Amino acid sequence: MAPYGAGLSPPRGWTVNRGHTAATYVDRTGTPLGGIVKLRARVRGSIPDHVTVSVRGKQATYPVLPADAPVQATVVLGGTVSSLAGECGETEFTPAQCTFRREPTQLFCRR
């Protein structure tokens, strides 16, 4: 889980682009929390509430295999208050929507 909040000190923390359409978390500490080194959430076009999320992890084990499909991801963009208010996104991917790249180190799912 990437930590939330502006009080994080470099080289770990969040940045937001000028248009406020993308937020990026980067952890360059060498000991990333949960192994997450980068997480990016970006508003996509004119579709209301449509967000794409990209997550990169290193130095951790994420045991996902092709046989584990469908893969489900839950993302909360905000803090505890947002989570408790149900302001989160959830999606499930079918096996046909996910492929392994550089097997088995990268899982790519798209709708």
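A few remarks follow.
- Residue list for region 38-70, restricted to those being among the basic types (K, R) and either modelled with pLDDT of 85 or more or surrounded by 13 or more Cβ atoms within 10 Å (Cβ to Cβ) (or both): K38, R40, R42, R56
- Filter result (surrounded by 14 or more Cβ atoms within 10 Å (Cβ to Cβ), at pLDDT below 85 and among the aliphatic types (A, V, I, L, M)) within region 1-32: A2, L8
- Of residues in region 44-66 being in contact with a strand residue (DSSP E or B) (Cβ under 6 Å, 6 or more places away or on another chain) and among the β-branched types (V, I, T), the one farthest from T99 (Cα to Cα): V51
The values are calculated or read from the model by the stated rules, or taken from the named source; none is laboratory data. In this text the structure is predicted, and so the values were computed from the model without any measurement. All Cβ positions, glycine included, derive from the backbone under ideal geometry; neighbour counts span all protein chains shown.
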